[in-house]
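Everything below concerns the one structure shown next.
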Amino acid sequence: MTQTLRDPLSKRRLKAWLRLLNVTRQSENHLREFLRVNHATTLPRFDVMAALWRRREGLTMSELSRALLVSNGNATAVVDRLEREGLVLRTPVEKDRRTVQATLTEAGIRQFESMAAAHENEVNTLFHRLDAEDLDQLRAILQKAVAEPE
């Protein structure tokens, strides 16, 4: 018999995981729809722009895909569309011309900052029932939850 089966909290931890997953999926679905309806964009596009906004000097396509936990192909497809719309600029890296770095254009920065402010407001609305103490406790619990198992 494994230790998990003898652990009296095992079922409760499983239920907590399922609840966390449910909240995450519902929130993500809501935000996907919010971005689609209010900004005519997708969550993957928003995520790519957010990653590039955080790293103003740009990211290589490999760095971008690692940061977003997606394949190079997925990141490239999103960047292709953003580049066609004038929101992202791709330039070869001087040291290795085979490597391409993506950066937001000025138009991309402006568009992302507008979407990001609305996105933050929508997340705030989604979680409005959580007060400061709730948020502190939730953060502490989640940090504790990702600690390496013994």
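Key figures
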{"item": "Pairs with Cβ under 9 Å, 6+ apart, first in the stretch 109-124 and more than 21 Å from residue 58 (Cβ to Cβ), second of a type in the set (Gly, Ala, Ser)", "result": "119/50; 123/27"}
{"item": "Single match in 64, 18 (criterion: over 13 Å from the mean Cα position of the chain (by Cα), without any contact (Cβ under 8 Å) to a residue 40 or more places away in the chain and not in a loop (DSSP other than H, G, I, E, B))", "result": "18"}
{"item": "Condition check for residue 36: basic (Lys, Arg), surrounded by 10 or more Cβ atoms within 10 Å (Cβ to Cβ) and farther than 24 Å from residue 80 by Cβ", "result": "no"}
{"item": "The stretch 72-111 - residue that is of a type in the set (Asp, Glu) and either in a strand (DSSP E or B) or in contact with a helix residue (DSSP H, G or I) (Cβ under 9 Å, 6 or more places away or on another chain) (or both) and, of those, surrounded by the fewest Cβ atoms within 10 Å (Cβ to Cβ)", "result": "96"}
{"item": "Subset of the stretch 21-45 (residues that are in a helix (DSSP H, G or I) and polar (S, T, N, Q))", "result": "22, 24, 26, 27, 29, 38"}
{"item": "Criterion: surrounded by 16 or more Cβ atoms within 10 Å (Cβ to Cβ), of a type in the set (A, V, I, L, M) and within 16 Å of residue 115 (Cα to Cα) - qualifying residue of 43, 64, 68, 59", "result": "43"}
{"item": "For residue 57: the one exception among (1) modelled with pLDDT of 95 or more; (2) outside any helix (DSSP H, G or I)", "result": "(1)"}
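The values are calculated or read from the model by the stated rules, or taken from the named source; none is laboratory data. Note that this is a predicted model, so its numbers are computed, not measured. Methodologically, a virtual Cβ is constructed for each residue, glycine included, from the backbone with ideal geometry; neighbour enumeration extends over all protein chains shown.
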